[in-house]
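Handing you a structure now.
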Amino acid sequence: MRAPRSVNDAYEALARFVVRFRWPIVVFWILVVIVTSAAFPSLSSEVNDNNSAFLRSSAPSTKAANLATPLLGGGASGKVASITIIAVRQGTLTSADLHAVTREAQLATGVERIESATPVGISADGSAATIRVRAHLSANDITKDKDVIDGLIGTFSKANLPAGLQMHVAGQVATLVANQASSNKAGNKVQGFSFLFIILLLLVVFRSVPAALTTLIPSALALLISMRVIGGLGQSGLQISSITEILLIILLLGAGTDYGLFLVFRVREELRDGKDPHDAVRHSIVRVGESITASAGTVILALLTLLLATFGLYKDLGAPLAVGVAIMLLIGLTLLPALLAILGRKAFWPSKIEPGSQREGAWARVASRLVRHPKTTLICGLVLFLALAAGALGYKSGGFGGDQNAPAGSDAAAGNAALSKHFPQTSSNPANLVLAYSSSVWQDPSRIQTAESSLHSSGRFTQLAGPLDPNGTTLTPAQLAHLYSVLGPPQRLPVSEPAGSHIAPALYNAYRADSLFVSATGSVIQFEASLAAGGQSTTSAMNATPSIRAAVSSAAAASGASNSGVAGEAAAVFDINQTANHDLRVIVPIAIIAIGLLLALVLRSAVAPLYLIVSVAISYLAALGIATIVFIDIGGDGGISFILPFLMFIFLLALGEDYNILVMTRIREEARHMPLRDAVVKAVSRTGTTVTSAGMILGGTFAVFGIVGGGGSGGSQLRAIGFGLAAGILMDTFLVRTLLVPATVILLGRWNWWPSSLSREEEPDRGSAQRLQPAAEAAD
């Protein structure tokens, strides 16, 4: 069965246009690169790794953050947040140091987007003091947050610090900004190493520098253009995480090069069959243009299903990557063939591409053995994949909050270390236990003690910093009530105790530090907690969230609080995990149906899409099983990032079907004029090198992501994602597409093409096939 005439006509028209206007097309795309680079910001400048920003307002952790707005800042809105400045010296702070802290607070208020800067408290050892800065930050654009942090650091040199006094920024915002810079470096490394890996592999495949560069250049230009266009979307409010940035690099370089290989290999084949260069390019576009379009279409379709997600990271992942793939498709169907038409046989120099030099190679021998034993091949493959898939039974979902330790050498790392040392009862990344009361606790602080006792008795916390222990100095409820009656709300107090107050310095400093734990009205309090389950970024802390919430609810009930909640990274990641797992159950069936329908249209068959989708599912479960065995059973990780199963399924479904489309359309093409077994042998022998080369490039780029990206923020989880996807792609390439799928085709025979007319046509015998093939090619 031939493709509909209108489809062939469209690609024939495109082929004639590209060959005729090959030079203007090259100039056009160069101008697009220049214009987009000048008009849009870089993608890396728009990255935001605060995954809690992707949560919906109805999430319990988001509600808790909103409840704590009087203490923590702007909650879910992201408009106001707290930044900590810590001043520290070796030894006890002097009066000159305290005056410098006051000067710094005044200077900080002069930084753009700073609402207030208030000296909060002095550590119990007297060596450190903190300033709480409230800043108007962006929920979407972390570059603006970086400007605030850089502005604050810039004021340190203007505060006339006494010798020996140091100041640093600390806390979650400073850490996120520092990690964003680290993520940018990781993204640059992934991009650089991916380029190097791909170019080396292309040189091995083609044994030709021009062919390698011709295949890679369109993908590189697509990446440059896409990163600027998506950067513009980020500037307009689209949430972009470092995962989006790195996956875009991998997808466009890896999959883009794959699509380039589809065309370049077919052009080389046509040249070896005796066609002149321009005819070879035109014929190749007609033959594989639909396959490339359909392949990119499956990826775009799979990505667009992410728009149905409720988790913002998934939802905002779909549109940027779909835009990138669409740009890559346009370049792949125009710029690449234009370059091939310009270079002709020189594109494969120093190899001599002469008519009649067609070589069948190793895949012809593999295919010949395959057609003799299709049942054995299929059964052995299924047993292997099901055995690997059994490993997935041990899968445990883990977090993906990003690394909350700032990169070594950053100002935030120094600030967090000083905060941990001098304020050990606090944390730069604590769990925030929030309680709200209908009446002020200033008049009845015993309620605070009741809540604290309840929390301690739960056994869920190793440390609690709260209103009665704000800086390491213990306050009794009676002392707290007395201090409030004498001094008023702690938020309004100066660094040094007022003259004539007759308050001991230790009590005064402790009370001032309470501005972090009790709101000015006394209606909201919080405890900063370290969890017995582990640090906030660990899987065990995430899994402990339900029990932590139960403990806080009990404390609220015991102390008469009207509302309560748990904010912080572990609680946010728990909510993200729940939302992400829900999305996995909803989106996967939709993606399967959508791509199945697209496959049915492209292959003109209602049967083939069924086993092709099943082959992806088997490959997916096997890859997830390998990742589980390597990282949980052998590596000892508490869990694998919740994002891995989702990304693995979407990418294996979309990218795996790319290879399916290439192999199946070639089998269908050959089956029109030769017996099916011979068609499978020829199709596998001609596409085997293309599929394996493409799979090695794509799988290799995911492995580069795992190795290089795994050295940055959230390293262990990025390694699991990178290697999990690489394993899935490589198994899909070497086992599924080139062995199991062709074996299934042979076993089903003409039923592969039902209900199209090809399923009803009598299969040509070998003699008639040899007579029909030249005529069929001439008719094409």
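The values are calculated or read from the model by the stated rules, or taken from the named source; none is laboratory data. All values derive from a computational prediction rather than experimental measurement. In this analysis, Cβ positions are derived from the backbone assuming ideal geometry, glycine residues included, and neighbour counts consider all displayed protein chains. What goes into the accessible areas is simple: the full protein's heavy atoms, side chains included, and nothing from ligands, DNA or RNA. Shrake-Rupley method; radii C 1.70, N 1.55, O 1.52, S 1.80 Å.
Carbon-plus-sulfur fraction of the accessible area of the chain, 1.4 Å probe, in percent? Walk me through the numbers on the way to the answer.
Working: 17460 of 28790 Å².
Answer for the chain is 61 percent, counting heavy atoms of protein chains only.
Would you list R282, R666 from the most to the least accessible area, probe 1.4 Å? List each step's numbers first, then the result.
Details: R282 75, R666 15 Å².
Result of the area sort, largest leading: R282, R666.
Give me the dipole magnitude in Debye, nearest 20, for the chain about the Cα centre, with unit charges on the beta carbon: positive for Lys and Arg, negative for Asp and Glu. Mind dumping the intermediate values first?
Details: 56 positive and 49 negative charges, 399 e Å.
That gives the chain a dipole magnitude of about 1920 debye.
Normalised by the number of residues in the chain, what is the relative contact order in percent for Cα pairs under 8 Å and 6+ residues apart? If you can, show how the numbers build up before the last one.
Details: 1419 pairs, mean separation 148.7, N = 780.
After rounding, I find 19 percent.
Something else: Report, by chain and number, residues whose modeled amide H sits under 5 Å from the one on G565, excluding near sequence neighbours (fewer than 5 apart, same chain).
V434
How much mean residue ellipticity at 222 nm does the chain get from its helices, if each DSSP H run of length 4 or more adds -39500 (n - 2.57) and you divide by all residues, to the nearest 500 deg cm²/dmol? Mind dumping the intermediate values first?
Details: 27 runs with 467 residues, N = 780.
Calculated mean residue ellipticity at 222 nm is -20000 deg cm²/dmol.
Per-residue accessible area for H136 at 1.4 Å probe radius, Å² rounded to 10?
Rounded to the nearest 10, the figure is 80 Å².
What FRET efficiency, computed as 1/(1 + (r/R0)^6) with R0 = 56 Å and r the Cβ-Cβ distance, is obtained for A364 and N581, rounded to the nearest 0.05?
It comes out at approximately 0.80.
Separate question: Roughly how many Å² is the accessible area per residue of the chain, as a whole number, for a 1.4 Å probe? Can you show the working numbers first?
On the way: 28790 Å² over 780 residues.
With all protein chains present, the chain gives 37 Å² per residue.
Could you run the Karplus curve 6.51 cos²θ - 1.76 cosθ + 1.60 with θ = phi - 60° over segment 667-672 and give me ³J(HN,Hα) per residue in whole Hz, x for Gly and Pro?
4, 4, 4, 6, 5, 5
Against the longest alpha carbon principal axis of the chain, how many degrees, from 0 to 90 and to the nearest 10, is the axis of helix 172-206 turned?
With both axes taken from Cα atoms, the answer is about 20 degrees.
Ratio to report: Rg/Rh of segment 294-357, with Cα atoms as the point set and Rh obtained by the Kirkwood method; give two decimals.
A ratio of 1.28.
Scale the Cα Rg of the chain by the rule-of-thumb value 2.2 N^0.38 Å and send over the ratio, two decimals.
On the way: Rg = 31.3 Å, N = 780, 2.2 N^0.38 = 27.6 Å.
Scaled against compact globular proteins, the figure is 1.13.
What's the long-distance tail for segment 438-527, i.e. % of Cα pairs beyond 20 Å? Intermediate values should be presented prior to the final figure.
Details: 1180 of 4005 pairs.
Across segment 438-527, Cα pairs with separations above 20 Å total 29 percent.
From the mean inverse distance of alpha carbon pairs (Kirkwood) and the Cα radius of gyration, derive Rg over Rh for segment 368-492.
Numbers: Rg = 28.2 Å, Rh = 20.4 Å.
Rg divided by Rh gives 1.38.
Provide the packing ranking of 251-264, 585-598, i.e. peptides ordered by the mean count of other C-beta atoms within 10 Å per residue, highest first. Each step should come with its number before you reach the end.
Details: 251-264: 27.3, 585-598: 16.4.
Packing proxy ranking, top to bottom: 251-264, 585-598.
Below 14 angstrom from the Cβ of I292, what's the summed charge of the other residues (Lys, Arg +1; Asp, Glu -1)? Could the numbers behind the result be given before it?
Working: positive: R266, R287, R666; negative: D258, E290, E657, D658.
Around I292, the charge tally is -1.
Using +1 at the C-beta of Lys and Arg and -1 at the C-beta of Asp and Glu, which of V190, V120, A556 has the Cα lying farthest in the positive direction of the dipole of the chain?
V190
Also, quick follow-up: Grab the alpha carbons of segment 577-635, take their convex hull, and tell me the volume per residue in Å³.
On the way: hull volume 4.7 nm³, N = 59.
Enclosed volume per residue, from the Cα hull, is 80 Å³.
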